[in-house]
Amino acid sequence: MGDLSDLTGRTALVTGASRGIGQAIAVRLAARGAVVIVHFGTDEGGAAATVDEIGRAGGAAFAVGAELGVDGDVETLFAGVEARLAGRPLDILVNNAAAAPAGPLGVTTRAEFDHLFAVNVRAPYFIVQRALPLFRDGGRIVTISSVATRMANPGQTSFAMTKGAVETMSMTLANELGVRGITVNAVAPGATRTATNGSYFEAPGLAEFIAGTTALDRLGAPDDVADVVAFLASDAARWITGQVIDASGGLFLGPRV
């Protein structure tokens, strides 16, 4: 069957690909042969850096900007996407862009709550809706969720609610789109150190505490998640759909004694 990880000839859209996990996913898909559309919200420089990194490695990518969570966001995104596609189909969609947790119940404002759902739930839903007419049969849709859906963290209640919503979306869309050979899955990272959030893990003892509650005994890295997404985007994962894949290294599986 050849190399089932090869994505040559396919086109991928990765939202929120200007930094962090999204950037790593874009780079990994390009390394496997896909042409990658690098979406960014506000970080145009980061998106350009992602495109440059892919180009230096011999891959192909271009950037498209659109702020998500505002009126007209999906239309703006796909105006840029379709202009760059120039009639070519889309094969892979990775819904990675997301707003960060807004805080616990006692301090979250209505505006923050609405923004979380606009970016983390409404945008992915309508991006899928808009992308499907461009999709070839046998495509791949992957949405980034979070282990926040399987553990109780009072500081992330509203954020976890948004991720629970996209996990349900993935399951139901998998059932709907399977007749076209399109697989739909979610990937749930745990504590993942990136260039953007690195300072958070510098709090005394925090990184050690998280590593101590993780089966694989370390913090995650963007490449750890990107490899899982690249697998799901490939033919090797053709028989996996409607699933949430935990990519946390075994965070909070139970006591390590």
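The values are calculated or read from the model by the stated rules, or taken from the named source; none is laboratory data. Quick caveat: nothing in here was measured; it's all calculated off a predicted structure. Every residue, glycine as well, gets a Cβ built from its backbone with ideal geometry; the counts of neighbours run over all protein chains shown.
Observations on the structure shown:
- Listed conditions (1) closer than 21 Å to A226 by Cβ; (2) modelled with pLDDT of 95 or more are all met by I210, apart from (2).
- Residue within the stretch 244-254 that is at pLDDT below 95, closer than 22 Å to Q23 by Cα and polar (S, T, N, Q) present: no
- Residues (in a helix (DSSP H, G or I) and touching a helix residue (DSSP H, G or I) at 6+ places or on another chain (Cβ under 8 Å)) located in the stretch 146-160: A148, T149, Q156, S158, F159, A160
- Flag if D217 is more than 26 Å from L177 (Cβ to Cβ), among the acidic types (D, E) and in contact with a Lys or Arg (Cβ under 9 Å, 6 or more places away or on another chain): yes
- Residue list for the stretch 169-208, restricted to those being in a helix (DSSP H, G or I) and either in contact with a Gly (Cβ under 6 Å, 6 or more places away or on another chain) or of a type in the set (V, I, T) (or both): M171, T172, A174, V179
- Positions within the stretch 170-199 being in contact with a helix residue (DSSP H, G or I) (Cβ under 6 Å, 6 or more places away or on another chain), at pLDDT 95 or above and among the aliphatic types (A, V, I, L, M), in sequence order: V184, A186, V187, A188
- The stretch 220-240, subset of a type in the set (D, E, K, R) and under 19 Å from L177 (Cα atoms), residue surrounded by the fewest Cβ atoms within 10 Å (Cβ to Cβ): R238
- Members of the stretch 73-132 found to be within 16 Å of N185 (Cα to Cα) and charged (D, E, K, R), listed by number: D91
- The single residue among T168, T183, T196 that is farther than 21 Å from I25 by Cβ, under 19 Å from the mean Cα position of the chain (by Cα) and not acidic (D, E) turns out to be T168.
- Scanning the stretch 209-257 for residues that are part of a loop (DSSP other than H, G, I, E, B) and among the aliphatic types (A, V, I, L, M), we see that the one that is farthest from V36 (Cα to Cα) is V257.
- Residue pairs meeting the criteria (Cβ under 7 Å; at least 6 apart or on separate chains; first farther than 15 Å from T157 by Cα, in the stretch 109-124; second acidic (D, E) and modelled with pLDDT of 95 or more): A123/D73
- Residues satisfying the stated conditions in the stretch 54-88, i.e. of a type in the set (V, I, T) and more than 25 Å from R122 (Cβ to Cβ): I54
- Pairs with Cβ under 6 Å, 6+ apart, first in the stretch 239-252 and within 20 Å of L206 (Cα to Cα), second assigned to a loop (DSSP other than H, G, I, E, B): S248/G190; G249/L216; G250/A215; G250/L216; L251/G190; F252/M151; F252/T213
- Sole residue being over 24 Å from V121 (Cβ atoms), β-branched (V, I, T) and under 16 Å from the mean Cα position of the chain (by Cα), chosen from T50, T8: T50
- Matching entry among R136, R122, R140, R110 (being within 23 Å of A17 (Cα to Cα) and surrounded by fewer than 17 Cβ atoms within 10 Å (Cβ to Cβ)): R136
Table: residues versus (1) small (G, A, S); (2) over 19 Å from the mean Cα position of the chain (by Cα).
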| site | (1), (2) |
| --- | --- |
| A191 | yes, no |
| Y200 | no, yes |
| T214 | no, yes |
| A221 | yes, no |
| D224 | no, no |
| D227 | no, no |
| A233 | yes, no |
| W239 | no, yes |
| Q243 | no, no |
